[in-house]
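Encoded as structure tokens, the structure appears first; notes follow it.
The values are calculated or read from the model by the stated rules, or taken from the named source; none is laboratory data. Everything numeric in this text was worked out from a predicted model, so none of it was measured. Note: ideal-geometry Cβ built from the backbone for every residue, glycine included; neighbour counts use all protein chains shown.
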Amino acid sequence: MSRGEIQRMHEDLSRALKKPEDERSWVMVVDVRKCVGCHACSVSCMAENVAPPGSSYRVVFEVESGEYPTLDRFFMPTNCQQCDKPPCKAAADKIAKDAITKRKDGIVVFNYEKLKKNPKAGEAAQKACPYTAIVADDGTFYTENTPVLEPYETRSFFEYGKKLTRKGGALKGAIRKCTFCLHRLREGMLPACVSTCIGRAMYFGDGSDPKSLVSELISKKGVWRIKSGEGTEPRVYYLGFETRTKMIQITPTTCLECHE
Ligand code: SF4
Ligand code: SF4
């Protein structure tokens, strides 16, 4: 992704924000050829969303494929896939109707109050998610048992249009996940992981806008979605698996293979 691509995503975003919410369709695209496994996206996500200790809404898996001597190892960042048919919602609905809802722009919303009141609904949702994208907030802090909790842990932050804090165990018992940084989108900013990605592997935008960069990318050959065969209809698309397979067959290769 070049500087021009970042600028283009910002332009796409500002065009999308001029439309009504129900005419936007947020999608994320990850190019696995470009991810260098630095975990900067996970760290920025933890900081942005004040995640509980040891948790991140975003996990970068290491994938190994092939057989000796044509082995390959690459990185696969994942987060909530904002499924259009979310198994988490189907499971939670059986216990607490509409504790999990789906916005018209595609983002799956967790209602913390309802889910905290109905812990069984949260447990069912967590179990049902095929992407292990849900983390439980246990109310603890990294700086617990020190003279004072650090401000980065007790500061307020925004999720689903609400001002929140973890102070005083306010989110203890809540189940949490990626929100596509809805609070940043509203302000015309890209999700934290996309802005932070040093490999320039991350893309975000309005999939219903034929002129957007993400629409161009997801129309390419070889685009793939995790467990799409399970009917979840995930909104995170992956690019580059085919090229990676080719790369291990045509070594030596060059950076230009992926970075145009
Ligand atoms: S990835 Fe998991 S948490 Fe996210 S919408 Fe799909 S089932 Fe729900
Ligand atoms: S910041 Fe970008 S390059 Fe680094 S692990 Fe995340 S997706 Fe990969």
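Can you find a residue that is hydroxyl-bearing (Ser, Thr, Tyr), under 21 Å from Val60 (Cα atoms) and either at pLDDT 95 or above or outside any loop (DSSP other than H, G, I, E, B) (or both) anywhere in the stretch 185-202?
The answer is yes, given that some residue of the stretch 185-202 is hydroxyl-bearing (Ser, Thr, Tyr), under 21 Å from Val60 (Cα atoms) and either at pLDDT 95 or above or outside any loop (DSSP other than H, G, I, E, B) (or both).
Given the structure, is Ala121 away from ligand 2 (no atom under 12 Å from the Cβ) and out of contact with any strand residue (DSSP E or B) (no Cβ under 7 Å at 6 or more places or on another chain)?
When the stated conditions are applied, Ala121 passes them.
Looking for something among the charged types (D, E, K, R), away from ligand 1 (no atom under 14 Å from the Cβ) and either surrounded by 16 or more Cβ atoms within 10 Å (Cβ to Cβ) or free of Cβ contacts under 8 Å to residues at least 24 places away in the same chain (or both) - is there at least one such residue anywhere in the stretch 76-92?
No, there is no match, as no residue in the stretch 76-92 is among the charged types (D, E, K, R), away from ligand 1 (no atom under 14 Å from the Cβ) and either surrounded by 16 or more Cβ atoms within 10 Å (Cβ to Cβ) or free of Cβ contacts under 8 Å to residues at least 24 places away in the same chain (or both).
Mind checking which residues of the stretch 71-93 are more than 18 Å from Cys181 (Cβ to Cβ), within 16 Å of ligand 2 (Cβ to nearest atom) and within 17 Å of the chain's Cα centre (by Cα)?
Correct list: Phe75, Met76.
Taking Val109 as the residue in question, decide whether it is of a type outside the set (D, E, K, R), more than 14 Å from ligand 1 (Cβ to nearest atom) and at pLDDT 95 or above.
No.
Just checking, which of Lys162, Lys97 is of a type in the set (Lys, Arg) and either surrounded by 14 or more Cβ atoms within 10 Å (Cβ to Cβ) or within 26 Å of Ser14 (Cβ to Cβ) (or both)?
Only one candidate passes the filter, namely Lys162.
Only one of (1) in a loop (DSSP other than H, G, I, E, B); (2) within 15 Å of ligand 2 (Cβ to nearest atom); (3) touching a strand residue (DSSP E or B) at 6+ places or on another chain (Cβ under 7 Å) is not met by Cys38, so which one is it?
Result: Cys38 passes all but (3).
Checking Cys178 against (1) crowded, with 22+ Cβ neighbours inside 10 Å; (2) part of a loop (DSSP other than H, G, I, E, B); (3) away from ligand 1 (no atom under 16 Å from the Cβ), only one condition comes out false. Which one?
Here Cys178 clears every test but (3).
Which of the following residues is over 30 Å from Ser208 (Cα atoms), away from ligand 1 (no atom under 11 Å from the Cβ) and over 22 Å from the mean Cα position of the chain (by Cα): Leu149, Leu171?
Leu149
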